[in-house]
Amino acid sequence: MRLSIPLLLALPAIAAAQEQKPLSETVQSWFNKAKSYIPTAAQEPIAASAAKVAAANVTPLTRSNWEEVLSPSTTSPGQGPETWMVFVSGGNKTCYGRCGKVEEAWNETAALFAADPSAPHLAYLNCDKEAILCATWAANPPTVWHIQRPVAQADQSTPATTIHIVGLNATTTTAQELVQIHTQKTYEKRPVYEGAFHPFDGYLAKFFLNKPAGYAIFAFSQIPSWAFMIGISMFSRNIMNRRMGSPDAQRAAAAQRSAPLGGAPPANERR
């Protein structure tokens, strides 16, 4: 995808102007300055330009590539962990149409990080398109997964992967807040995720059960609620019938209780 030429020209100039200031202190002004580099007659909407930059700098995650994409480097043993920020979003099915604004903020964040050499790796997971992968991770939009993938040590041992899941407000989240997840380490305000669905070190992943569990959860999610209600109703009725006995058995027991003692025939037969 071709990038916006004015925006690409603007980003290096912005980065040079901000060398002496922390990124977190200047986030809001970056796009305002970027606008000044774009001729008014040929100016594109900032949101559209940011989306193009994001497309070039953010890796989409799928069922087939996520393990390879998020694998730590093997070329520099002993190096510190590789940091990823994975934005989990969705459409009408999984985010109920509420993720549009936060996606714009994410695109701006990706454009800002494009001018920062110390930025983390960025990835994007759409739960509408990759529902099985989201079920495998037990991921819900809109969230940012801050992932630190340790590089294999010289002895080939690999420490645990640290994950912090940052929930996002679909209506108020800004690019500044997303950038600060990395620059100001606001992710540390969230507990380290150590659940069974941890994609790398969780119980299910260790026993290679996370992918089957993801498929199973996805399959159950496709069953309509009315089918569950019918199934529960039939199951409970079956249980009650077993406890009370079948209708034929009940009728036979009632006839036996109503028969005269001694086996004497009914009065109409004696006549």
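Key figures
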{"read-out": "Enumeration of residues in the range 167-212 that are of a type in the set (A, V, I, L, M) and either more than 17 Å from the chain's Cα centre (by Cα) or buried (at least 17 other Cβ atoms within 10 Å of the Cβ) (or both)", "value": "LEU168, ALA170, ALA175, LEU178, VAL179, ILE181, LEU204, ALA205, LEU209"}
{"read-out": "Single residue of ASN92, ASN65 found to be of a type outside the set (Ser, Thr, Tyr), surrounded by fewer than 15 Cβ atoms within 10 Å (Cβ to Cβ), over 17 Å from LEU178 (Cα atoms) and at pLDDT 95 or above", "value": "ASN65"}
{"read-out": "Residues that are of a type in the set (Gly, Ala, Ser) and in a helix (DSSP H, G or I), drawn from the range 159-200", "value": "ALA175"}
{"read-out": "Residue within the range 192-210 that is of a type in the set (Phe, Trp, Tyr), at pLDDT 90 or above and over 25 Å from PRO72 (Cα atoms) present", "value": "no"}
{"read-out": "Per-region count, the range 106-124, residues crowded, with 23+ Cβ neighbours inside 10 Å and either of a type in the set (A, V, I, L, M) or touching a Cys at 6+ places or on another chain (Cβ under 8 Å) (or both)", "value": "3"}
{"read-out": "Filter pass, ALA175 being over 19 Å from GLU104 (Cα atoms) and not polar (S, T, N, Q)", "value": "no"}
{"read-out": "Some residue of the range 137-158 being at pLDDT 90 or above, buried (at least 17 other Cβ atoms within 10 Å of the Cβ) and of a type in the set (Gly, Ala, Ser)", "value": "yes"}
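The values are calculated or read from the model by the stated rules, or taken from the named source; none is laboratory data. Predicted, not measured: the structure shown is a model, and the values here were computed from it. Heads up, the Cβs are rebuilt from the backbone with ideal geometry, glycines too, and the neighbour counts pull from every protein chain shown.
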